[in-house]
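The values are calculated or read from the model by the stated rules, or taken from the named source; none is laboratory data. Computed from a predicted model, the values in this text were never measured in an experiment. Here Cβ is always computed from backbone atoms with ideal geometry, including for glycine, and neighbour counts include all displayed protein chains. Ligands, DNA and RNA are stripped out before the accessible areas are found, and what is left, the full protein with its side chains, is counted by its heavy atoms. Shrake-Rupley method; radii C 1.70, N 1.55, O 1.52, S 1.80 Å.
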Amino acid sequence: MNLRPTRLDSGIFLISFAVLLVELSLTRIFSVTLYYHLSFMVVSLAMLGFGAGGLIINLWPSFFRADRMWGQLAAAAMLFALTSTLVVGVAFNLPVSLDASRGNLVRLALLYMLCVIPFLTGGLLVALILTHRTEQANRLYFFDLVGASLGCLLFIPLTNWLGAPTAVLAGATCAALSAVVLAGRDAPNARRIALALACVLLLACVANRQWNFYDVRVTKGRAQPPMLALGWNSFSRVEVLGTPDEMTTQRPPLSRGFSKNLPPDIRTTELRLRYDAGALTQIARFDGDISRFGYLRYDVASAPYQMRAYHNILVLGAGGGRDILTALNAGNRRVTGVEINPLTIELMRGKFREFTGGLYDGYPGVRIVNDEGRTFLRGEREPYDLIQASLVDTWAATTAGAYALTENNLYTVEAFGDYLRHLTPEGVIAFSRWFPAPPVEPLRVVTLAVEALRRDGAQNPSAHVFVVRTNSPRVNLSTTLVKRTPFDAGELERLRAWADEMDFVVAYAPDDAERGVVPDEFHQLLSPRSAEFIAAYPYDISAVYDDRPFFFDRVPLTRWLAHRFRIARTPVGAGSLTLGGQSLFASLIISALCTVLLLLLPFVAARSRRTHAVEHAPGDDDARMSRRRALLYALYFACLGLGFIMVEIVLIQRFNLFFGYPVYSLSVVLFTILLASGLGSVIAGRWAEARNLRRALIALCVLLLLYAAALPVLLDALLGESTPARIVIAVALIAPLGILLGMPFPTGLRFAGRESKSLVSWAWAANGVASVFGSTLAVLISMTYGFDAIFLTGAGAYLLALVLISSLQMQFVVNRES
């Protein structure tokens, strides 16, 4: 094949780049304007439109004729550019909250329907090209995947440089350029319109950088408050809220963890630092006088400093520096703060350096590192006396379980094992979490700590744990202390004296039995019968591991369904689904129904036209393909879509911990797997024989089983490598798998196209919609059974595809011979 791009190659490359860039930007924008579970549902279901574009072509073949192709392609590309811009503009101003009112549900439904439109036009464009140029499927699929991979690769630098809103405009500009290329000389009027549209969108990109007119106006159902600073990057939107007057105004300090005994005359100057319009922390004014922060000892997060002094402290999730100031005020002079978000560090060292007294910029004894906590620890050789993490992800609890769908690698048994290994012999881990009723999060933290202590050799883990909480009638905050050696009597006495002074509640201490304390949930969890207590608890507080790191999933969907259908009755299954679980369930049902509908609708349409779906073979215009054979082809492409998306998602999940930054995992994994799949498509095009397709599917199944067994071990062993080295390792591990993944779809499409031209659009639709269903199913499987189970499910989907294509090819040979 000559890989010099043609007009179709360039057009499909540009539109694929635009679709991926807009899709990823939408996930970033909706994480700010909506809650995460709503963002997940809207974006995943909107992608149904990408597959549905093929269905439209299949249902109206007389309209989408070859002689109209160039004008229709240009129109579809322009529609994608316009509708994606308009949809995001609506999202910026549409207030959607957690309220279940009719008006709020209507607004959410409106947003979902609008989001379908641009992806529908993008999918229609690609399906139209493949329908009329099926014999070039391998070549076109290559340029399609290369464009998509480049969109993944450039997503990080574009959003870091432009911000997610302007990145959407950039994607729309590329779509308009795709229309210019596709129109060519065949549709001169469309070409002129597309060129004008591209110029307008490009000017909008430049202007938005200066005037910020195309940006978020409503977040989480509320109008955007005044801001002192704003920044976007590929995984967050960082805001410093307030007005210039607030930089000098003194108020009572802000924290949910303060004691009721905090002196009422305490005043300080603080700014609010917010992430994705949800997670909130503070930036305190600091003039070098650390004694002014004596009030921080009234915060429950200061618990570890009430038992003794430390020589070397590690703060995970430094944020605005509150924990660092607490450590310095307690007399500690050596503090390392690890902050994952570079924008936070830039703000602290730049615009707010004077306000914070240079705390993040060379302050004596303070070291600030831009890294993810576990990645940093794997490369760190120095032990610490204290490792502290205070509400590292505050937003997860404030949305009542909305973040159950997110993996969190800081809260797993293996993570606590890393913390313990980086402690001095008398070292302490301090984790602060919300303390609701019942206290699900602190209980699960204790479960993780106990399992990690047992792996570390502790004989009696209950002697290594201390839990203290605030005493509030509304919202409580707790701190769990985990000591590598048992707490001694002096340490416990000092902690209790401080808790009494602050009117805090000691939820658990190792000497409670000696003091006659009435046992509660923590005592049962730390008793010899802990396994029975965990099994009978109304929420899931069992240990989570790196293979299934869903710390906030307190009512698993599978157990909830099993309880409702009377398959297995458990206390956890009897509970109410979290908002994250509800959105996952809704996405699963809708995508499953759409997949079934899409597979059956062409049959219904064919019957209404009193004909079968497609012709049997080229040169045999009178013969018709049987419904059974057409359905087998549709199922084959659905299996490919299901398997591909599952492998893609599990690789992203597996490499999240390896890279530390989830967005890096997303970008590197998607770029590599799509580019390698494009190369696989080219390779398959050179030897597109039936037996070679079967060999590729067999090799793919075997390789997936091998990855399921070996990949976790390899990634764990290489976690401490430098970032460039990890990128190279990831590319080397993913590329062989990606090459095989790219072979079955375009080759199968060529075989289907030789039997029937209209089957191609149906195949595209079945593949696309099954991918959406597979993405939701993959999340459900990983939350229930772990990441390895997704590899096995993906291998099963490709094995079924092998059976289907083998059956189809055998029937084809028999039919030809007969």
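Could you please give the count of residues in segment 703-753 that are aromatic (F, W, Y) and modelled with pLDDT under 90? It would help to see each step written out before you state the result.
First, the residues of segment 703-753 that are aromatic (F, W, Y): 707, 745, 751.
Next, only the ones that are modelled with pLDDT under 90 stay: 751.
Residues in segment 703-753 being aromatic (F, W, Y) and modelled with pLDDT under 90: 1 in total.
Filter segment 456-483 for residues that are touching a helix residue (DSSP H, G or I) at 6+ places or on another chain (Cβ under 6 Å) and charged (D, E, K, R); which is most open to solvent (accessible area, probe 1.4 Å)?
Among residues in segment 456-483 that are touching a helix residue (DSSP H, G or I) at 6+ places or on another chain (Cβ under 6 Å) and charged (D, E, K, R), the one most open to solvent (accessible area, probe 1.4 Å) is D456.
With respect to L477, determine if the residue is in contact (Cβ under 8 Å) with a residue 24 or more places away in the chain, closer than 24 Å to Y384 by Cβ and touching a Ser or Thr at 6+ places or on another chain (Cβ under 8 Å). If you could, list the steps in order and put the result at the bottom.
Values: in contact (Cβ under 8 Å) with a residue 24 or more places away in the chain: yes; closer than 24 Å to Y384 by Cβ: yes; touching a Ser or Thr at 6+ places or on another chain (Cβ under 8 Å): yes.
The answer is yes for L477.
Among the residues that make up segment 67-86, is at least one of them within 19 Å of P188 (Cα to Cα), without any contact (Cβ under 8 Å) to a residue 24 or more places away in the chain and surrounded by fewer than 24 Cβ atoms within 10 Å (Cβ to Cβ)?
yes
Only one of these conditions is not met by S527: (1) open to solvent by less than 70 Å² (accessible area, probe 1.4 Å); (2) assigned to a loop (DSSP other than H, G, I, E, B); (3) more than 15 Å from R444 (Cα to Cα). Which number is it?
Every listed condition holds for S527 apart from (3).
Given L808, L777, L802, which one is modelled with pLDDT of 90 or more, more than 30 Å from F550 (Cα to Cα) and part of a helix (DSSP H, G or I)?
L802
Whether any residue in segment 225-232 is without any contact (Cβ under 8 Å) to a residue 60 or more places away in the chain, surrounded by fewer than 16 Cβ atoms within 10 Å (Cβ to Cβ) and not in a loop (DSSP other than H, G, I, E, B) is what I want to check.
yes
If I filter segment 158-171 for residues that are in contact with a Ser or Thr (Cβ under 7 Å, 6 or more places away or on another chain), part of a helix (DSSP H, G or I) and either aromatic (F, W, Y) or at positive phi (or both), do I get at least one hit?
If we filter segment 158-171 for residues that are in contact with a Ser or Thr (Cβ under 7 Å, 6 or more places away or on another chain), which is where we start, we get 159-160, 164, 167-169, 171.
Next cut, part of a helix (DSSP H, G or I) only: 159-160, 164, 167-169, 171.
With the extra rule that they be either aromatic (F, W, Y) or at positive phi (or both), the set shrinks to none.
There is no residue in segment 158-171 that is in contact with a Ser or Thr (Cβ under 7 Å, 6 or more places away or on another chain), part of a helix (DSSP H, G or I) and either aromatic (F, W, Y) or at positive phi (or both).
Specify the residue that is nearest to F655 (Cα to Cα); the eligible residues are those in segment 547-573 that are open to solvent by 60 Å² or more (accessible area, probe 1.4 Å) and assigned to a loop (DSSP other than H, G, I, E, B). So that I can check it myself, show each step before the final result.
Just the residues of segment 547-573 that are open to solvent by 60 Å² or more (accessible area, probe 1.4 Å), to begin with: 554, 559, 564-567, 569.
Of the ones still in play, those that are also assigned to a loop (DSSP other than H, G, I, E, B) are 554, 565-567, 569.
Working: R554: 24, F565: 35, R566: 37, I567: 35, R569: 35 Å.
Looking at residues that are open to solvent by 60 Å² or more (accessible area, probe 1.4 Å) and assigned to a loop (DSSP other than H, G, I, E, B), I get R554.
Run S782 past the list (1) under 25 Å from the mean Cα position of the chain (by Cα); (2) open to solvent by 10 Å² or more (accessible area, probe 1.4 Å) and report the number of the one that doesn't hold.
Status for S782: all satisfied but (2).
Could you list, in sequence order, all residues of segment 11-62 that are among the small types (G, A, S) and open to solvent by 20 Å² or more (accessible area, probe 1.4 Å)?
Filtering segment 11-62 down to residues among the small types (G, A, S) leaves 11, 16, 18, 25, 31, 39, 44, 46, 49, 51-54, 62.
Residues satisfying the conditions are A52, S62.
Quick check on my filter: what residues within segment 145-165 are in contact with a Lys or Arg (Cβ under 7 Å, 6 or more places away or on another chain) and surrounded by 23 or more Cβ atoms within 10 Å (Cβ to Cβ)?
The first filter runs over segment 145-165 and keeps only residues in contact with a Lys or Arg (Cβ under 7 Å, 6 or more places away or on another chain), leaving 159, 162, 164.
Within segment 145-165, T159, A164 qualify.
Restricting to segment 175-196, give me the number of residues that are in a helix (DSSP H, G or I), open to solvent by 30 Å² or more (accessible area, probe 1.4 Å) and in contact (Cβ under 8 Å) with a residue 60 or more places away in the chain. Don't jump to the end; show me each part of the working.
Here is the first cut: in segment 175-196, the residues in a helix (DSSP H, G or I) are 175-183, 188-196.
Still in the running and open to solvent by 30 Å² or more (accessible area, probe 1.4 Å): 177, 181, 188-189, 191-193, 195-196.
Then keep just the ones that are in contact (Cβ under 8 Å) with a residue 60 or more places away in the chain; that gives 177, 181, 191, 193.
Counting residues in segment 175-196 that are in a helix (DSSP H, G or I), open to solvent by 30 Å² or more (accessible area, probe 1.4 Å) and in contact (Cβ under 8 Å) with a residue 60 or more places away in the chain gives 4.
Identify the single condition in (1) touching a helix residue (DSSP H, G or I) at 6+ places or on another chain (Cβ under 8 Å); (2) closer than 23 Å to T27 by Cα; (3) part of a helix (DSSP H, G or I) that G89 does not satisfy, given that it satisfies every other one.
If we test G89 against (1) touching a helix residue (DSSP H, G or I) at 6+ places or on another chain (Cβ under 8 Å); (2) closer than 23 Å to T27 by Cα; (3) part of a helix (DSSP H, G or I), just (1) comes out false.
Might you let me know whether segment 604-627 holds any residue that is modelled with pLDDT under 90, in a helix (DSSP H, G or I) and crowded, with 21+ Cβ neighbours inside 10 Å? First the steps, then the outcome.
Taking segment 604-627 as the starting set, the residues that turn out to be modelled with pLDDT under 90 are 604-627.
Now restrict to residues that are in a helix (DSSP H, G or I): 604-608, 627.
Of the ones still in play, those that are also crowded, with 21+ Cβ neighbours inside 10 Å are none.
No, the conditions are met nowhere in segment 604-627.
Look at R444 and say whether it is surrounded by 23 or more Cβ atoms within 10 Å (Cβ to Cβ) and either assigned to a loop (DSSP other than H, G, I, E, B) or basic (K, R) (or both). Working first, answer last.
Numbers: surrounded by 23 or more Cβ atoms within 10 Å (Cβ to Cβ): yes; either assigned to a loop (DSSP other than H, G, I, E, B) or basic (K, R) (or both): yes.
It is true that R444 is surrounded by 23 or more Cβ atoms within 10 Å (Cβ to Cβ) and either assigned to a loop (DSSP other than H, G, I, E, B) or basic (K, R) (or both).
Restricting to segment 282-298, name every residue that is more than 39 Å from the chain's Cα centre (by Cα) and among the hydroxyl-bearing types (S, T, Y).
Result: S291, single match.
For segment 447-474, which residues satisfy the criterion of being outside any helix (DSSP H, G or I) and either in contact (Cβ under 8 Å) with a residue 40 or more places away in the chain or within 32 Å of the chain's Cα centre (by Cα) (or both)?
First, pick out the residues of segment 447-474 that are outside any helix (DSSP H, G or I): 456-460, 465-474.
Selection gives D456, V465, F466, V467, V468, R469, T470, N471, S472, R474.
In segment 233-255, what residues are under 18 Å from Q282 (Cβ atoms), part of a loop (DSSP other than H, G, I, E, B) and in contact with a helix residue (DSSP H, G or I) (Cβ under 9 Å, 6 or more places away or on another chain)?
If the condition is that a residue be under 18 Å from Q282 (Cβ atoms), part of a loop (DSSP other than H, G, I, E, B) and in contact with a helix residue (DSSP H, G or I) (Cβ under 9 Å, 6 or more places away or on another chain), then P253, S255 are the ones that fit.
Among the residues in segment 217-224, are any modelled with pLDDT of 95 or more and either crowded, with 20+ Cβ neighbours inside 10 Å or among the basic types (K, R) (or both)? Talk me through it step by step, then tell me what you get.
Taking segment 217-224 first, the residues modelled with pLDDT of 95 or more are none.
Checking segment 217-224: not a single residue is modelled with pLDDT of 95 or more and either crowded, with 20+ Cβ neighbours inside 10 Å or among the basic types (K, R) (or both).
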